[in-house]
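These notes concern the structure reproduced below.
The values are calculated or read from the model by the stated rules, or taken from the named source; none is laboratory data. From a predicted model like this one, the values you see are computed outputs, not experimental measurements. So basically every Cβ, Gly included, is an ideal-geometry build from the backbone, and we count neighbours across all protein chains shown. Protein only, heavy atoms only, side chains kept; ligands, DNA and RNA dropped before computing areas. Shrake-Rupley method; radii C 1.70, N 1.55, O 1.52, S 1.80 Å.
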Amino acid sequence: MPGLHDPLMIVTDLDGSLLDHHTYSWQPAQPWLDRLKQHQIPLVICSSKTASEIIPLQQQLGISGAPFIAENGALVQLDSANGDTVRHHAGKDYSEICHCLRRLRQQYQFRFSGFADFTDKEVADITGLSVSDAALARRREASESLVWRDSEEQFSAFRDALDAEGFSLTQGGRFWHVMAKGSGKGAALAWLLQSSPAHQLQRFITVGLGDGPNDAPMLDSVDYAVVIKGHSKTPIVLSRADRLNIYETRHSGPDGWVEGLDYFIAQE
Ligand SMILES: [Mg+2]
């Protein structure tokens, strides 16, 4: 069991994990956040949220400048504490994705609505975010989030059509996410670790926390995986076989987050 003096890195999903699914509060996790900060353990946000949403949240969490993974892995930002920002982007930008989605919708008569189709107010109504936070959620750079409103049959046709265009589809807590094929939280974390200057000096022991199917590739690639009890109907299926390094929490949201870190990290 690693302890606080080991070279740990915590990689976390936000909604339904560090943040409560409904209220977006992280209150129960505050003592752990303080502990991580005190021991200079990096906390890497790995979320479907946009960079515009993550950066102010990092400020509130007291981890400004830490590397993060946004838009479900389509965008990675390395440590920017020293002022220069290095970003990695999955290869298709937002306007290209929206253009392709509009074309497919016309061609196949698919019924779905993406963030590009919604107003800030509509996104606020669906997510429970304030209108100004919804505006930040709509400031997308490398992926589109959408609500599917058509049959399952049409959905598999949609998936095939996206695949042929070089895109993949991942399920998050509330939305489906469209991004370049080969990207995702797992690929993004691999890129982040290999590109992180700190990682060249030492290998991090990674602990990942997530509650949704879109977290599976990240949870498969960390040393210790915390599967937080979620709200999604689709269970998280991990492909790793080392059951001892996987912990499924009894609590959901930030309470489950705390439970997971308590389970894997020894506090002297
Ligand atoms: Mg989640």
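Restricting the stretch 103-201 to trypsin sites (Lys or Arg not before Pro) that sit in a DSSP loop and have at most 14 other Cβ atoms within 10 Å of their own Cβ leaves Arg111, Arg139, Arg149. Comparing Thr23, Thr249, Thr50 in a Gaussian network model of the chain (Cα springs below 10 Å), the most mobile by mean-square fluctuation is Thr23. Subtracting the Cα-Cα distance of Glu96 and Arg111 from their residue separation scaled by 0.36 nm leaves 3.5 nm. Using a probe of 1.4 angstrom and keeping all protein chains present, the accessible surface of the stretch 47-109 works out to 46 square angstrom per residue.
For the stretch 114-268, the relative contact order comes to 14 percent (Cα pairs under 8 Å, sequence separation of at least 6). All distinct Cα pairs of the chain go into the 1/r average, and the inverse of that average, the Kirkwood radius, is 18.8 Å. In terms of its alpha-carbon gyration tensor, the stretch 113-198 comes out oblate; a/c meets the 1.5 threshold, while b/c is at least as large as a/b. Legend: calculated FRET efficiency, Gln40 to Ile126, from the Cβ-Cβ distance at R0 = 35 Å, rounded to 0.05, equals 0.40.
For the stretch 22-135, the antiparallel share of DSSP beta bridges with both residues in that region comes to about 75%. Under a Gaussian network description of the chain, with springs only between Cα atoms under 10 Å, the residue in Ile246, Ile45, Ile205 that fluctuates furthest is Ile205. Suppose we keep just the DSSP beta bridges with both residues in the chain; what percent of those would be antiparallel, to 5? Of all bridge pairs located within the chain, approximately 45 percent are antiparallel. When only Cα pairs below 8 angstrom with a gap of at least 6 residues are kept, the stretch 94-180 shows a relative contact order of 31 percent.
Using a Gaussian network model on the chain with a 10 Å cutoff between Cα atoms, which of Glu165, Glu96, Glu152 fluctuates the most? Maximum fluctuation in the GNM of the chain, among the listed residues, is at Glu152. Against the criterion of solvent-accessible heavy-atom surface with a 1.4 angstrom probe, Arg102, Arg250 sort, most first, into Arg250, Arg102.
Here the sum of -39500 (n - 2.57) over DSSP H runs of 4 or more residues, divided by the residues of the chain, equals -10500 deg cm²/dmol at 222 nm, to the nearest 500. For the residues Leu19, Leu136, a 1.4 Å probe over the protein chains yields an accessible-area ranking, largest first, of Leu136, Leu19. Accessible area ranking (1.4 Å probe, heavy atoms, ligands and nucleic acids excluded), largest first, for Ile54, Ile126: Ile126, Ile54.
Each part reduced to its alpha carbon centroid, the stretch 186-234 and the stretch 72-122 end up 21 Å apart.
Based on Cα contacts under 8 Å between residues 6+ apart, the chain shows a relative contact order of 24 percent.
Surface composition of the chain: carbon and sulfur atoms hold 49% of the protein heavy-atom accessible area at a 1.4 Å probe.
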